[in-house]
1. Please work out which residue is farthest from LEU176 (Cα to Cα), limiting yourself to segment 212-223 and to residues that are buried (at least 19 other Cβ atoms within 10 Å of the Cβ) and at pLDDT 95 or above.
2. How many residues does segment 27-51 contain that are buried (at least 16 other Cβ atoms within 10 Å of the Cβ), modelled with pLDDT under 80 and more than 18 Å from GLU315 (Cβ to Cβ)?
3. Regarding ASP279, is this residue in the same structural domain as GLU232 (by TED's automatic domain parsing) and on the phi > 0 side of the Ramachandran plot?
4. State which residue is surrounded by the most Cβ atoms within 10 Å (Cβ to Cβ) when the search covers only segment 146-198 and only residues that are of a type in the set (D, E, K, R) and modelled with pLDDT under 90.
5. Scan segment 202-215 and report the pairs whose first residue is closer than 18 Å to GLY276 by Cβ and whose second residue is charged (D, E, K, R) and surrounded by 14 or more Cβ atoms within 10 Å (Cβ to Cβ), with Cβ atoms within less than 8 Å and a gap of 6+ or a chain change.
6. When segment 113-129 is examined, which residues are found to be crowded, with 18+ Cβ neighbours inside 10 Å, at pLDDT 75 or above and either part of a loop (DSSP other than H, G, I, E, B) or of a type in the set (A, V, I, L, M, F, W, C) (or both)?
7. Would you kindly identify the helices (runs of 4 or more DSSP H) lying entirely within segment 233-334 that contain at least 2 residues that are touching a strand residue (DSSP E or B) at 6+ places or on another chain (Cβ under 7 Å) and under 23 Å from ARG220 (Cβ atoms)?
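The values are calculated or read from the model by the stated rules, or taken from the named source; none is laboratory data. Everything numeric in this text was worked out from a predicted model, so none of it was measured. Counting neighbours? That spans all protein chains shown, and the Cβs are built from the backbone with ideal geometry, glycine included.
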Amino acid sequence: MPTQRATLSEIATAAGVSIPTVSKVLNGRPDVAPATRQRVQALLDRRGYTARRAVRPSDGAGLIDLVLRDLGSPWAMQIIDGVEEHAFRAGMAVVVSAVHGRHRSRPDRQWIEQLSARRCDGVLLVLSDLSDSQQEQLDELGIPVVIIDPAGQPRPGIPSVGATNWAGGVAATEHLLELGHERIAVISGPGEVPCSRARVDGYRAAMNAAGHKIPPGYVRAGDFTAPAGYRETNALIDLPDPPTAIFACSDEMALGAYEALYERGLRVPHDLSIVGFDDLDAARWSIPPLTTVRQPLTEMASMATRMLRTLIDGEELGGERIELATPLVIRDSTRAI
């Protein structure tokens, strides 16, 4: 009698190969080295593992499925540009879809069926994740996944591309400290998103290293949008001892802070210095131009697409987790006090 059914991830680990390679053996794909096929097949046989559903044809339609939380933001547009540019050069098309529901981080149940019906070759997830059952279905369909800016800890064997968010938070705060600011507030993104927590942790680390306590009310909960930056900046200004500088964990929130200050007759940076995060196009053209931490969104998307194409081609990746640098871009929204 066969032993308990293993997951494809467990079989891949035991065989020393990637999940897509196991899927190819399971689904009878020809592009696997004979020795590798024999090793993987032995493990599949030992576990009594067979595909539970019909698989898509081996000659995929040349499609990449890109799933984002929000299609309307400038942030999303840079991701789409990076994916589309590389996919076009590789002769592939991109299907763009959104996770419906503001507080959802996973595609709905119909998504897998739609993915299979259009014979997609690979999936890029942005600020999102998959349930165990969704990942298992993709494994059995032989559809590889790469995550951009993971919303949680990716499963073993699932590659991802992110940025050095903690270091970016440190750089933003240290810049303000070097300008003489001590009363520095931060407006975070969603608390459940790892990149947001990392930026705030970087802020805290820089403040602690400089020997400055963070006053009550200086850590504000935002959601990466301009209205959140507007709202939380107003709350900071109304504090009995308001900050002299704000680190907003997204450029959109920084621009929301600009609006709040403008309405109150306050000037950036004369009355309050502002640092953002992302370096969107709007940061350069705002008045004054925004000092910000550059998140290489287009490069992250392009690298993730290259990694996905490598997996689609049945090749192994050199590593599962890649983080790109987040340099500080100094413009005119900060000054010494």
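1. Result: GLY222.
2. Counting residues in segment 27-51 that are buried (at least 16 other Cβ atoms within 10 Å of the Cβ), modelled with pLDDT under 80 and more than 18 Å from GLU315 (Cβ to Cβ) gives 2.
3. On the way: in the same structural domain as GLU232 (by TED's automatic domain parsing): yes; on the phi > 0 side of the Ramachandran plot: yes.
In short, yes.
4. Residues of segment 146-198 that are of a type in the set (D, E, K, R), as a first pass: 149, 155, 174, 178, 182-183, 192, 197.
Adding the requirement that they be modelled with pLDDT under 90 leaves 149, 155, 192.
Details: ASP149: 24, ARG155: 15, GLU192: 11.
Taking the candidates together, the pick is ASP149.
5. Between residues of segment 202-215 that are closer than 18 Å to GLY276 by Cβ and residues that are charged (D, E, K, R) and surrounded by 14 or more Cβ atoms within 10 Å (Cβ to Cβ), the close pairs are ALA206/GLU174.
6. Across segment 113-129, the qualifying residues are LEU115, CYS120, ASP121, VAL123, LEU124, LEU125, VAL126.
7. Working: elements: 251-263, 281-285, 297-312.
So the answer is 251-263.
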